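**Student:** Below is the structure I would like to discuss, written out as structure tokens.
The values are calculated or read from the model by the stated rules, or taken from the named source; none is laboratory data. Since the model is a prediction, treat every value here as computed from it, not as a measurement. With ideal geometry, Cβ positions are generated from the backbone for all residues, glycine too; neighbour counts draw on all protein chains shown.
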Amino acid sequence: MKKLFNSAKYAVQGLLHFIRTDRNGQLELICAVIAVTLGCWLQISTMEWCLIIICIGVVLAAEMFNHAIEKSMDFITQERHKEIGVIKDVAASAVMMTVFMSLTICYIILFSKIISRFL
């Protein structure tokens with residue numbers, strides 16, 4: 001039981017470090033709060049909530065992996081290396097793909113409901 005508690009403690013420490021230090025993560029958290037607020041205001045369905053929550057989780061997890069990869073590469077060397085640049089670029093591209101996917105899903109779910117509220 002103590003091992004499980006320690007694992008959870010370290011995971012929370014990692015999450016707090018990520019929230020304090022990663023600007024993109026902070027922006028994505030703000031977007032998540034906006035999406036949740038809009039979801040509450042628009043009274044989206046259970047299935048729509050599931051999709052929004054999955055999108056938020058996927059984007060944040062991808063950003064955390066990207067953060068860990070960048071920190072690992074910076075720990076290995078501070079010098080510029082073409083290969084390390086490629087590794088960082090590919091990790092950042094993975095985050096970008098999840099963001100585009102999530103924005104598209106949120107647009108499909110939320111935009112039509114916003115339009116119907118005002119028309």
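**Student:** Residue under question is ILE52, and the condition is that it be touching a Gly at 6+ places or on another chain (Cβ under 6 Å), at pLDDT 95 or above and more than 22 Å from HIS17 (Cα to Cα); does it hold?
**Tutor:** It is true that ILE52 is touching a Gly at 6+ places or on another chain (Cβ under 6 Å), at pLDDT 95 or above and more than 22 Å from HIS17 (Cα to Cα).
**Student:** Name the residues in region 59-106 that are among the hydroxyl-bearing types (Ser, Thr, Tyr), surrounded by fewer than 17 Cβ atoms within 10 Å (Cβ to Cβ) and modelled with pLDDT of 95 or more, would you?
**Tutor:** Of everything in region 59-106, those that are among the hydroxyl-bearing types (Ser, Thr, Tyr), surrounded by fewer than 17 Cβ atoms within 10 Å (Cβ to Cβ) and modelled with pLDDT of 95 or more turn out to be SER93, THR104.
**Student:** Say whether the condition of being farther than 30 Å from LYS113 by Cβ and either of a type in the set (Phe, Trp, Tyr) or surrounded by 14 or more Cβ atoms within 10 Å (Cβ to Cβ) (or both) is met by at least one residue in region 1-14.
**Tutor:** yes
**Student:** Sticking with this one: Can you find, within region 22-49, the residue that is surrounded by the fewest Cβ atoms within 10 Å (Cβ to Cβ) among those that are more than 14 Å from the chain's Cα centre (by Cα) and not hydrophobic (A, V, I, L, M, F, W, C)?
**Tutor:** THR46
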